[in-house]
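Working notes for the structure below.
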Amino acid sequence: MPGQILAGGGLFRGSRFDDYVLELGGPNICSVPTATAYPETALVSFYESFAHRAQASHVLFNPWPRDDLRAHVLAQDVIYVGGGNTANMLAVWRTHGFDAILREAWDRGALLCGWSAGMVCWFEAGVTDSFGPQLEGMRDGLGFLRGSACPHYDSEERRRPVYRDLVDKGFPSGYAADDGAALHFVGTELREVIGAREGAQAYRVETGAETPLAARLL
């Protein structure tokens with residue numbers, strides 16, 4: 001079956017989102033906390049959520065990646081990417097060839113999922129605070145999905161105006177997601193939007209237009 005991507009706006013840990021991840025993907029799940037400045041904290045949270053009900057593991061790149069990196073990742077049903085600095089994360093991944101491994105896993109049917117940086121990275125472009133709190137458009141995402149992405153749409157006041165302005169000035173059209181909402185793609189087609197809390201939704205953002213996409217509450 002085609003690979004899937006579950007791209008979330010933010011703040012999902014310990015919620016129904018994690019249940020849905022296992023339902024969609026399967027029991028072999030691997031955390032990749034490259035983006036965060038505090039990977040130990042992220043991994044504690046990850047294992048608290050998944051260790052008792054799945055075959056949970058993780059991948060780190062400091063001080064170096066594991067010897068069996070490709071084989072380990074290709075054995076996973078789910079690759080789970082958390083938040084943090086998207087630009088730094090992508091640079092590390094590319095240095096170690098991890099971008100190509102992720103593509104191979106997705107082509108083989110894996111579920112790639114995450115929120116914040118773990119949303120933006122799958123698209124061609126995105127809105128990021130990787131370079132400072134002012135937010136900027138970044139055009140060197142992995143490109144598994146066409147267009148752009150913007151997380152934290154309802155929780156950070158600058159996200160909506162910055163994204164809308166970027167798209168109006170020629171930045172690729174794309175999707176925005178509130179905290180607690182996620183876009184589920186099968187292959188490259190959007191299947192549905194899901195919400196882990198009441199009121200969370202996503203949007204299709206194009207030049208001069210923003211179209212709400214209602215979310216199915218989990």
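The values are calculated or read from the model by the stated rules, or taken from the named source; none is laboratory data. Since the model is a prediction, treat every value here as computed from it, not as a measurement. All Cβ positions, glycine included, derive from the backbone under ideal geometry; neighbour counts span all protein chains shown. For the accessible areas, the whole protein counts, side chains as well, though only heavy atoms, and no ligand, DNA or RNA atoms are used. Shrake-Rupley method; radii C 1.70, N 1.55, O 1.52, S 1.80 Å.
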With the structure loaded, tell me whether residue 134 is modelled with pLDDT of 95 or more, open to solvent by 10 Å² or more (accessible area, probe 1.4 Å), out of contact with any Gly (no Cβ under 6 Å at 6 or more places or on another chain) and part of a loop (DSSP other than H, G, I, E, B) or whether it fails that test.
no
Condition first: among the β-branched types (Val, Ile, Thr) and buried (at least 23 other Cβ atoms within 10 Å of the Cβ). Now tell me which residues in the stretch 96-127 satisfy that.
120, 127
Considering only the stretch 26-45, how many residues are assigned to a loop (DSSP other than H, G, I, E, B) and open to solvent by 20 Å² or more (accessible area, probe 1.4 Å)?
5
For the list (1) part of a strand (DSSP E or B); (2) under 30 Å from residue 27 (Cα atoms), I need the number of the one condition that residue 127 fails.
(2)
Please find, within the stretch 1-53, the residue that is modelled with the lowest pLDDT out of those that are at positive phi and under 15 Å from the mean Cα position of the chain (by Cα).
11
Considering only residues that are over 13 Å from residue 6 (Cα atoms) and either surrounded by 20 or more Cβ atoms within 10 Å (Cβ to Cβ) or under 15 Å from the mean Cα position of the chain (by Cα) (or both), which ones fall in the stretch 177-200?
178, 179, 200
Any hit, the stretch 152-173, residues being touching a residue at least 24 places away in the same chain (Cβ under 8 Å) and within 19 Å of residue 4 (Cα to Cα):
no
Among the residues in the stretch 154-168, are any closer than 22 Å to residue 73 by Cβ, open to solvent by less than 20 Å² (accessible area, probe 1.4 Å) and of a type outside the set (Gly, Ala, Ser)?
no
Do you know which of the residues in the stretch 1-25 that are of a type in the set (Gly, Ala, Ser) and in a loop (DSSP other than H, G, I, E, B) is farthest from residue 183 (Cα to Cα)?
14
Run residue 91 past the list (1) surrounded by fewer than 23 Cβ atoms within 10 Å (Cβ to Cβ); (2) assigned to a loop (DSSP other than H, G, I, E, B) and report the number of the one that doesn't hold.
(2)
Selection count where residues are touching a strand residue (DSSP E or B) at 6+ places or on another chain (Cβ under 7 Å) and modelled with pLDDT under 95, scope the stretch 182-200
3
Give the stretch 62-81 a look and list any residue that's closer than 21 Å to residue 37 by Cα, open to solvent by 20 Å² or more (accessible area, probe 1.4 Å) and of a type outside the set (D, E, K, R), or say none.
62, 63, 64, 65
